[in-house]
Structures are given as C-alpha cells and as structure tokens.
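Worksheet for the structure shown next.
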Amino acid sequence: MNLEENMEFAFAVAPADETRLKGPLAEQLLSFREFGNATQCMETNARTFSGASIEVPTYVNEFCTARQRAASSVPGISYRACGKPQLPRFFIERLTEPGDIVYDPFMGRGTTVIEAALLGRVPYGCDINPLSLFLTRPRLNPPTFSEVAARLKAIDFTAADEFPEDLVVFYHPETLKEICSLKKYLLKRKAERALDGVDEWIWMVGLNRLTGHSPGFFSVYTLPPNQATSVKAQKRINERRAQTPPRRNVPGLIGRKSRQLLSDCTQTIRQSLSQVSDQTRLLTERAAATPEIPDNSISLVVTSPPFLNVVDYAGDNWLRCWFIGTEPASVDITIARKLEEWQQAMTDVFRELFRVLRPGSHVAFEVGEIRGGEIKLEEAVLPCGVDAGLQPAVVLINDQIFTKTANCWGVDNNSKGTNTNRIVVFQKSS
C-alpha cells in the first residue's frame, strides 16, 4: 500500500456478533491464533516510584495487522505518529458493549473515536491540538458527495484577501489564491456561526491536501502530507529537484478526493454514526483536566500519548495551523524531553482517567520503545498508572512488520523508532 492509498478513509460496518470476543482478556491473548502464530508469554518488570516491584504478564503476538484492511476498511487520514485503526478496534470489541462510552484523551486524528462510533459505542475524545477536532468531527457526520459538490460551486475561489509570498515555494500563485480564498470563506463562516457539516468536511479535506508528494495535493512535490517542511527547506527541495509549483485546481482536487472518500459511506454506516452523534463529546484541552467528563462514566480508554520528544507536532503542523487561523506557538503540546518529565505528565493524566473511569473498566495505553530500544516506555508508564490508583492487568506487544508509511520516515524494523505496538492495560478496581 503506497502513501496515497494509506491516506484513504472509507467506512466499515460493525461485526454482527462480538460474543466470541468476550471473556477474560488474558485468556483471549493466550489463546489468540488468528494470524497463525502462537502467543509468546513473558513478564514485564518495573518499579513504583517508591521502589516496590511491579510484575505484569506480557503477551507477544501479531494481534492486529494492516492485512485486516482487506476485509474491512475504516476511517483514517494521514497524521504524524498516527496509529492503525485495528488496534483500538481490538480492545473496543473485547472490553466494551454497544452503548458504552469509549474515550481517547490524546485524540490525534480521531482513530479511536471513529472506531468507537462505527462499533456502536459512544465516542469521547480530547486533544490540546485544535487540528484534532478539524480532522475528527467531520467524519462522525459525513455529508453526501452531492452536498460537497454543490458547496464547492457556491464558494468564491477568487475572493482572497491575503497572499503570503513565502508560500509560493509550495504553491503556484493561482493555486495559492484559491487556498487563501477558501481559508477566508471558512473562517468567515466560523465567525458568523454559520459553519455546517459540509463546510467542516471541505475544511478537513483541504487540510489534508495542503502538501504532499503527488498531483493529488495542492503543492509541488514536498514531504508526505502529515508533515510540513519549512519554507527554507522547501526551497532546497525545489532546487535539488529543479521543480516549480504547478497549477492545481483547489475545488477540483477537494471534489475528487471527497468522491473517493465517500464512495464507501453507505446508508447503514450513516445510520450507525447518527445513533451516537448526539452523545459524542470532543474536547480541545489538556487531558489531565477534563471537568466536562463526569466521574465514573467511561467504559474504556484507548490512547497513544505523545512520546519522549520524538515528534515536533507544532513544527509539523505550522502550515495547517495557518489554514485554520491558529498560531502554532499557541498550541501547548506536551513535548517532554526527559523521562521524568514525561512520567509526571502521564501520571497527571492517569489521575484524571481514574476519576472518569467506571469501576472495573480498562485503560489500553499504547507506548513504544524509543532510542533504538534503549527506553521501553511500558516499563516507564507502569509506575504512573499505579501511582494514580490503577491496577496493571497485562502488557500486550503487537509484533509487526512496518508498512511503507513508517518506512518513508526512515524507520526500519528492529533499528530505530517504534518497531512494535506496546500496550499497557490497566484496570480500575471494581
């Protein structure tokens, strides 16, 4: 699957029967054979902040894989450090029932939130990055293609009131004028409280088409669409490749992409999403302080937090922040540069999760091994959850081979970055 294909998001129907997926999680992991491999059993050892020993049963297998996409595709858009939708689905199906609330305190592109809605669960999400809301909310209430096409015809793509000269390293001048016109229209609609679901969809697709590596994007050849390089770096790319930004048709590309993305959105899917839409709650704030979420209300948390200074989210998203009218410096993303700082930030989040979780409910907290395996964050996160009052249940290690998406960032198997999904599962005592 190439990067363009990996950008697609279609829609999947919830399985009709989840009864086979119920039972104690540890037993399910131990007996898992879905992809032909036996589960390996081991133990993860860590220590609490006071020095007490923590020993957690650990299960290693290929529990979920991109090969599952051949059977069902799910909403997914490109986002730096994004996870596969099969991972939250794995836990949602096993640890919740339809109608339960599933929450992601680090929502990102909304993978967990969308999966929860498709499976008939009530989705809650939170992210300090305002882009997260732009990328997630439109997919919970997708418009029809005819609605998108009609709206694109109604927008004046010649009405720009700004022209940032430095962006011509990315865009043909006429393309840039169309982008600026669209930005003006959307911000005006937002200010007038007239923004609707069709506008939000167009904004989302526009955000995702801003920069990329093929004619399907507004820009000249640049980095993949989940990261924006700097103006200076783009000048060097242009010089090295002897390229100039070609003319792109902004409404045409948005329309073409929308037709493609909405082609699998059946009436059944729309009904499934609409059943939980009124109960959905999406927040733009810090995960450690979410007073809008009631005590003892969440049935499952599935999340992947920011890792140790691995990704510069603000730097990656400066151009998208410009397109939504937000200063990237104003987004207070957690970027811990020391392990102790990261652990303190995660402990604060776990305390808030303990408050909102129902007794007996679980947290599936995906971490990774970083710095070439020098730091295994599952060992670092265990004392954080314990300090907050949660009980370690299991550690699940989803052993896998990287896709091209990972390889395009220079991340090779068993070399650098995260070469396994490592999920620490906690439980709140009943």
*Keeping all protein chains in place, calculate the accessible area per residue for the stretch 234-317 (probe 1.4 angstrom), answer in Å².*
52
*How large, in percent, is the carbon and sulfur part of the accessible surface of the stretch 213-323 at a probe radius of 1.4 Å?*
48
*Within 10 Å, count the other beta carbons around each residue, average over each peptide in 252-264, 209-221, and list them highest first.*
209-221, 252-264
*asked:* Given points 7 Å out from each Cα along the Cα-Cβ axis, report the GLU165 to SER50 separation in nanometres with one decimal.
replied: 6.4
*Loop-only check: which trypsin sites (Lys or Arg not before Pro) in the stretch 152-198 are DSSP coil with at most 12 other Cβ within 10 angstrom?*
ARG193
*Report, in cubic angstrom per residue, the convex hull volume of the C-alpha atoms of the stretch 204-336.*
169
*Quick one: grab Rg to one decimal and Dmax as a whole number for the stretch 245-321, Cα atoms only, in Å.*
18.8, 54
*Inverting the mean 1/r over all pairs of different Cα atoms, compute the Kirkwood radius of the stretch 163-217 and quote it in Å.*
12.2
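The values are calculated or read from the model by the stated rules, or taken from the named source; none is laboratory data. Please read these numbers as outputs of a predicted model, since none were measured by experiment. Glycine also receives a Cβ, built like all others from the backbone with ideal geometry; neighbour counts cover every protein chain displayed. These accessible areas exclude ligands, DNA and RNA; they are computed on the full protein's heavy atoms, side chains included. Shrake-Rupley method; radii C 1.70, N 1.55, O 1.52, S 1.80 Å.
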